[in-house]
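Notes for the one structure printed next.
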Amino acid sequence: MPEEINVPLLDLKAQYDTIRDEIEPLLRDVVESQWFIMGPNVADFETAVASYCGAEHAVGCASGSDALLLALMAHDIGPGDEVICPSYTFFATGGSIWRLGAKPVFCDIEAGTYNCTVDTIAEAAGRCSRLKAIMPVHLFGQAVDLDGILDFAESKGVPVIEDAAQAIGSRDTGGARVGSRGHVGCFSFFPSKNLGGFGDGGIVTTNDGDLADRMRRLRNHGMEPKYYHDEVGLNSRLDALQAAVLNVKLRHLDDWTDGRRRNAAEYDRMFDEAGAGTSGMSIQDADIPLLRPSCPVAPSRHIYNQYVIRVPSEIRDELRANLVENRIGHDVYYPVPLHCQVCFKELAEATGSLPETESAALQTIALPVYPELSMEQKQHVASTIISFVKSHATVEAG
Ligand SMILES: Cc1ncc(COP(=O)(O)O)c(C=O)c1O
């Protein structure tokens, strides 16, 4: 009997097998040195990330969530201040704002990219009376169109803090890397990211030397010089073991991203041949009830931290059950938008409805796209989905 094909959502072991020989001696070096916090590995990694992202400075920290917090703290965001961010994102985007006593003001997304736009941000700004910052998210690895957003932020006199947690190496429509144009770029090295550590880690990028210095102090209790504190900061340093791992992985990042992009292109081709539409159009207008992600043209560069498809909400759960039956890993990012979360219920009335966000939350599914996927695995994923949606082709899209 032929072996059954399994396709996990992510296979970090497959990646580790290709870099074990590079990483293990470096981990041993750190252990032998017993220099675990900060140190030369962290300094080297900061220099390498700044150069990779096209930013002047990079400051390592303990997680992507802390990167957001440091960026907000460095802009003196506090109680009563308002920060615009999308509702369709990972919790940390809104959570970081809330933790400082400030108020997230949620904006909608556009259906084509799942990203916020200058128009959705301007709509949210109309609900603000104390706007202090704008925090767009480069969701799933696709860059937000920052041109209009930067101009809009300037007209309001507020900074743009890029949540680039999912998007290292992504390029915008002008070809600029994320984290190079906003006042601060915030990145996560959570293991599932394209550049993932062996635990938590994060970094902030900026072209402003004063902001970089302040975030460097803030990540270390606001301390400078030793044991002197002009302000209260965090304990949020990047540790040497993570930096050693990430220094090695950064050298492979573009190859891995190319692998993800090739996988996405293969899925696109298979779905297109079957009659799928692309995100941004209505599912009813596609030949089968399936939309694959729209693919930006060069010099834009999607890094596919997630490859996200869309089906009518009425069949999503059934499709998920079918994927489980066929041993295909997948997930829903994100089933509950931030403006519908219980912890933000006091913001619900002021937010009102965000229709594109609410519809994406009901219709999307993320598929395996990690670089080590085999052609057989991709074909299994695509053919399973295509035959399922074809057999449900009469369902009205909702
Ligand atoms: C959009 C976004 N922002 C922030 C974060 C927080 O990063 P971390 O998990 O490293 O704290 C994540 C992590 O998943 C994310 O996806």
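Structural remarks
- Taken over region 46-63, the criterion of being at negative phi, away from the ligand (no atom under 16 Å from the Cβ) and in a loop (DSSP other than H, G, I, E, B) is satisfied by ALA55, GLU56.
- Of the residues making up region 120-146, those that are hydrophobic (A, V, I, L, M, F, W, C) and surrounded by 22 or more Cβ atoms within 10 Å (Cβ to Cβ) are ILE121, ALA124, ALA133, ILE134, MET135, VAL137, LEU139, PHE140, ALA143, VAL144, LEU146.
- Across region 328-337, not a single residue is classified as in contact (Cβ under 8 Å) with a residue 24 or more places away in the chain, of a type outside the set (D, E, K, R), surrounded by 14 or more Cβ atoms within 10 Å (Cβ to Cβ) and part of a helix (DSSP H, G or I).
- Enumeration of residues in region 199-217 that are more than 16 Å from the ligand (Cβ to nearest atom) and under 19 Å from GLY64 (Cα atoms): THR206, ASN207, LEU211, ALA212, ASP213, ARG214, ARG216, ARG217
- Any strands (runs of 3 or more DSSP E) falling wholly within region 85-170 and containing at least 2 residues that are among the polar types (S, T, N, Q), under 11 Å from the mean Cα position of the chain (by Cα) and not assigned by TED's automatic domain parsing to the domain that holds THR206: none
- Qualifying residue in region 239-250 (condition: touching a residue at least 12 places away in the same chain (Cβ under 8 Å), among the β-branched types (Val, Ile, Thr), touching a helix residue (DSSP H, G or I) at 6+ places or on another chain (Cβ under 8 Å) and closer than 21 Å to GLY112 by Cβ): no
- Failed item in (1) within 13 Å of the ligand (Cβ to nearest atom); (2) of a type in the set (D, E, K, R); (3) over 30 Å from GLU123 (Cα atoms), with ARG20 passing the rest: (1)
- Some residue of region 219-228 being within 16 Å of the ligand (Cβ to nearest atom), in the same structural domain as ALA67 (by TED's automatic domain parsing) and polar (S, T, N, Q): no
- For region 171-196, a tally of residues being outside any strand (DSSP E or B), within 9 Å of the ligand (Cβ to nearest atom) and of a type outside the set (Phe, Trp, Tyr) returns 2.
Conditions (1) touching a helix residue (DSSP H, G or I) at 6+ places or on another chain (Cβ under 6 Å); (2) closer than 23 Å to GLN166 by Cβ; (3) loosely packed, with under 13 Cβ neighbours inside 10 Å, marked per residue:
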residue: GLU314; (1), (2), (3): no, no, no
residue: ASN322; (1), (2), (3): yes, no, no
residue: HIS339; (1), (2), (3): yes, yes, no
residue: GLU349; (1), (2), (3): no, no, yes
residue: ILE365; (1), (2), (3): no, yes, no
residue: LEU373; (1), (2), (3): yes, yes, no
residue: GLN377; (1), (2), (3): no, yes, no
residue: ILE385; (1), (2), (3): no, yes, no
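- Exactly one residue out of THR113, THR89, THR117 is within 16 Å of the ligand (Cβ to nearest atom) and surrounded by fewer than 23 Cβ atoms within 10 Å (Cβ to Cβ), and it is THR113.
- Residue pairs whose Cβ atoms lie under 9 Å apart, sitting 6 or more positions apart in sequence or on different chains, and linking a residue in region 173-200 that is modelled with pLDDT under 95 to a partner that is within 16 Å of the ligand (Cβ to nearest atom) and part of a loop (DSSP other than H, G, I, E, B), are THR173/ALA143.
- The single condition among (1) of a type in the set (Val, Ile, Thr); (2) in the same structural domain as GLY112 (by TED's automatic domain parsing); (3) over 22 Å from SER170 (Cα atoms) that THR206 does not meet is (3).
- Residue count for region 64-84, restricted to those that are within 16 Å of the ligand (Cβ to nearest atom) and in a strand (DSSP E or B): 2
The values are calculated or read from the model by the stated rules, or taken from the named source; none is laboratory data. The shown structure was predicted, so the numbers you read here are calculated from the model rather than taken from an experiment. Note that we place each Cβ from the backbone using ideal geometry, even for glycine, and neighbour counts take in every protein chain shown.
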